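Comments concern the structure below.
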Amino acid sequence: TPDNTVLMDAWDGYRPSRTRVTNSWVQAQVRNPIVLTGDVHAHWASDILADFSAPGSPVVGSEFVCSSVTSGGDGYDEPTGRHPWAAHNPHLKFWTNLRGYVNTRITPQAFTVDYRCVPKVTVKGAAAFTRARFVVDDGVRGARQTFNNPSRSRATIAPRSDAEKIRDTIRTESG
């Protein structure tokens, strides 16, 4: 964020530890570092940079964050897949506040993540759908989006302002 707000449950709250981990990847020449994590009540996809404070810093890995399945109740979708923080954090590639899970496929050629979402967790039997797909190709650092399927339902489209989305994020991911 412009004021350097950090969430203590995320890597941003532990910068020296994050730096040690990412530096170890670089020193060990790890081809495709992948971080899978979750339960922050939203889906995120991002590149991990060598130095987040330096514009143009090299990508050293990819991070895929999975939403909780039901915690926090019904979520909402941003059709662009962009959180307001992406304006100040270009390494953030995707965000949705819908609930769900991820499916991964790991082959010698690529690591693929499907973000599976449920439009409403309060509706029994609501069918999950693939909201987005990202691929990390073997030997190529950084995630690329290969599929984008925003929710078409009015009931799940984010009716909130950027300020409200930021407040929601801070409230759900730090509380």
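Selection of region 141-168 for residues being among the aliphatic types (A, V, I, L, M) and surrounded by 14 or more Cβ atoms within 10 Å (Cβ to Cβ) yields Ala143, Ile157, Ala158, Ile166. Of everything listed in (1) at pLDDT 90 or above; (2) surrounded by 14 or more Cβ atoms within 10 Å (Cβ to Cβ); (3) within 26 Å of Ser174 (Cβ to Cβ), the single unmet condition for Ala86 is (1). If you go through region 52-75 and pick out every residue that is modelled with pLDDT under 90, over 14 Å from the mean Cα position of the chain (by Cα) and either under 23 Å from Asp137 (Cα atoms) or not hydrophobic (A, V, I, L, M, F, W, C) (or both), you end up with 10.
Are any residues in region 69-103 touching an Asp or Glu at 6+ places or on another chain (Cβ under 8 Å) and polar (S, T, N, Q), and if so, which ones? Ser71, Thr96, Asn97, Asn103, listed by residue number.
In this structure, is Arg171 at pLDDT below 95 and either acidic (Asp, Glu) or more than 18 Å from Val65 (Cβ to Cβ) (or both)? Considered against the rule, which asks whether it is at pLDDT below 95 and either acidic (Asp, Glu) or more than 18 Å from Val65 (Cβ to Cβ) (or both), Arg171 comes out as no. Among the residues of region 41-94, those that are over 22 Å from Arg152 (Cα atoms) and among the hydroxyl-bearing types (Ser, Thr, Tyr) comprise Ser46, Ser53, Ser57, Ser62, Ser71. Does region 79-122 hold any residues that are basic (Lys, Arg) and in contact (Cβ under 8 Å) with a residue 24 or more places away in the chain, and which are they? Those that are basic (Lys, Arg) and in contact (Cβ under 8 Å) with a residue 24 or more places away in the chain: Lys93, Arg99, Lys120.
So that you can scan it fast, the table gives a plain yes or no per residue for (1) surrounded by fewer than 17 Cβ atoms within 10 Å (Cβ to Cβ); (2) of a type in the set (Phe, Trp, Tyr); (3) over 18 Å from Ser174 (Cα atoms):
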residue: Thr22; (1), (2), (3): no, no, yes
residue: Ser53; (1), (2), (3): yes, no, yes
residue: Val60; (1), (2), (3): no, no, yes
residue: Cys66; (1), (2), (3): no, no, no
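Restricting Thr122, Thr130, Thr146, Thr172 to residues that are polar (S, T, N, Q) and part of a loop (DSSP other than H, G, I, E, B) narrows the list to Thr122.
Of all residues in region 118-136, those that are within 18 Å of Ser46 (Cβ to Cβ) and open to solvent by less than 40 Å² (accessible area, probe 1.4 Å) total 5. Arg31 meets the stated requirement of being of a type in the set (D, E, K, R), open to solvent by 70 Å² or more (accessible area, probe 1.4 Å) and at pLDDT 80 or above.
The values are calculated or read from the model by the stated rules, or taken from the named source; none is laboratory data. Keep in mind that this is a model prediction, so the values were computed, not measured. For neighbour counting, all protein chains shown are included, and Cβ atoms are generated from backbone atoms with ideal geometry for every residue, glycine included. Please note that ligands, DNA and RNA were not included when accessible areas were found on the heavy atoms of the full protein model with its side chains. Shrake-Rupley method; radii C 1.70, N 1.55, O 1.52, S 1.80 Å.
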